[in-house]
Amino acid sequence: MKVLFATTNPAKVGKYKEPLEQKGIEVLTLKDLNFKLDIEENGKDAIENAYIKAKAYYDATKIPTIGMDNSLFIEGLPDEKQPGTHVRRVNGRELNDDEMIEYYSNLVKEYGGRVIAKWIFGLVICDDNGEKHYSWTKEHFYFVDKPSDKRNLGYPLESISIVPEFNKYSVELSEEEKQQYKKNDNIDNVVEFIFNSIQK
């Protein structure tokens, strides 16, 4: 069984590719297909944006397609400063990883150097049977204004995220710590949802 992951984010693919392939699902990427659509992600939340991506790529390729998006909410910020679904798009411009780290570090500094944050994720699978939705949250972490020197390509905010259980930057967790923290990432449940959805 093949599935297309409609993202250009290598970290997002890397997180789910191996566990899906262990279940016998071949994960194709937009890079594998050498194919990219110009899509306006104008949904009001993560699920709507995930659906927009999944539907567009499924219609174009007829390969069962995963769309994934996320929203970011930061405690204490006024509504007009909340990233929401526009985590990378700031003031009408798409930020690269380094620019994101700089922007959010400065934002955190404005609010005292440490802020509690929450991710809300949306995943949609489009195939011959229609669409299936799944949503989850990731909490229990906070942002600081001094970034780690380490980087995770595609997930730049891991360089300013502190995991309280280990009192370490998310990007600096050891493999053993990542396995413990994986439960908070909900990876196993996401993989199970994808697997069950495309088998039907």
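The values are calculated or read from the model by the stated rules, or taken from the named source; none is laboratory data. In this text, all values refer to a predicted model and were calculated from it rather than measured experimentally. So basically every Cβ, Gly included, is an ideal-geometry build from the backbone, and we count neighbours across all protein chains shown.
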(request) Among the residues of region 121-171, write down those that are aromatic (Phe, Trp, Tyr) and under 15 Å from the mean Cα position of the chain (by Cα). (result) 121, 134, 136, 155
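Output the strands (runs of 3 or more DSSP E) that fall wholly within region 97-200 and possess 3 or more residues being within 22 Å of residue 7 (Cβ to Cβ), or say none.
So the answer is 114-127, 130-138.
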(request) Check whether at least one residue in region 15-32 is closer than 18 Å to residue 136 by Cα and touching a residue at least 12 places away in the same chain (Cβ under 8 Å), and report yes or no. (result) yes
(message) Residue under question is residue 161, and the condition is that it be within 25 Å of residue 85 (Cβ to Cβ) and free of Cβ contacts under 8 Å to residues at least 60 places away in the same chain; does it hold?
(response) yes
(request) Could you check how many residues of region 1-22 are surrounded by 14 or more Cβ atoms within 10 Å (Cβ to Cβ) and not in a helix (DSSP H, G or I)? (result) 6
(request) Spot the failing condition for residue 87; the list is (1) touching a strand residue (DSSP E or B) at 6+ places or on another chain (Cβ under 7 Å); (2) outside any loop (DSSP other than H, G, I, E, B); (3) within 25 Å of residue 164 (Cβ to Cβ), and only one is missed. (result) (2)
(request) Just one of (1) basic (Lys, Arg); (2) closer than 19 Å to residue 92 by Cβ; (3) in a helix (DSSP H, G or I) trips up residue 44, so point out which. (result) (3)
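Among the candidates 163, 191, which residue alone is in contact with a Leu (Cβ under 8 Å, 6 or more places away or on another chain) and closer than 28 Å to residue 59 by Cα? Steps first, answer last, please.
Values: 163 fails: closer than 28 Å to residue 59 by Cα.
From the options 163, 191, the qualifying one is 191.
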(request) Can you work out which of the residues in region 172-185 that are buried (at least 16 other Cβ atoms within 10 Å of the Cβ) and within 16 Å of residue 139 (Cα to Cα) is nearest to the chain's Cα centre (by Cα)? (result) 185
(message) List pairs: first residue in region 83-101 and at negative phi, second residue loosely packed, with under 15 Cβ neighbours inside 10 Å and at pLDDT 90 or above anywhere in the structure, Cβ distance under 6 angstrom, at least six positions apart or on different chains.
(response) 88/94
(request) Please go through region 80-101 and pick out each residue that is surrounded by 14 or more Cβ atoms within 10 Å (Cβ to Cβ) and among the acidic types (Asp, Glu). (result) 97, 99
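Can you go through 54, 60 and tell me which one is within 30 Å of residue 1 (Cα to Cα), assigned to a helix (DSSP H, G or I) and either out of contact with any Asp or Glu (no Cβ under 8 Å at 6 or more places or on another chain) or modelled with pLDDT under 95 (or both)?
Details: 54 fails: either out of contact with any Asp or Glu (no Cβ under 8 Å at 6 or more places or on another chain) or modelled with pLDDT under 95 (or both).
Matching residue, one of 54, 60: 60.
Conditions tested, residue by residue: (1) among the hydroxyl-bearing types (Ser, Thr, Tyr); (2) over 22 Å from residue 173 (Cα atoms); (3) touching a Ser or Thr at 6+ places or on another chain (Cβ under 8 Å); (4) loosely packed, with under 15 Cβ neighbours inside 10 Å.
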{"residue": "107", "(1), (2), (3), (4)": "no, yes, no, no"}
{"residue": "110", "(1), (2), (3), (4)": "no, yes, no, yes"}
{"residue": "113", "(1), (2), (3), (4)": "no, no, no, yes"}
{"residue": "116", "(1), (2), (3), (4)": "no, no, no, yes"}
{"residue": "119", "(1), (2), (3), (4)": "no, no, yes, no"}
{"residue": "126", "(1), (2), (3), (4)": "no, yes, yes, no"}
{"residue": "132", "(1), (2), (3), (4)": "no, yes, yes, no"}
{"residue": "143", "(1), (2), (3), (4)": "no, no, yes, no"}
(message) Which condition from (1) out of contact with any Pro (no Cβ under 9 Å at 6 or more places or on another chain); (2) modelled with pLDDT under 95 is the one that residue 113 breaks?
(response) (2)
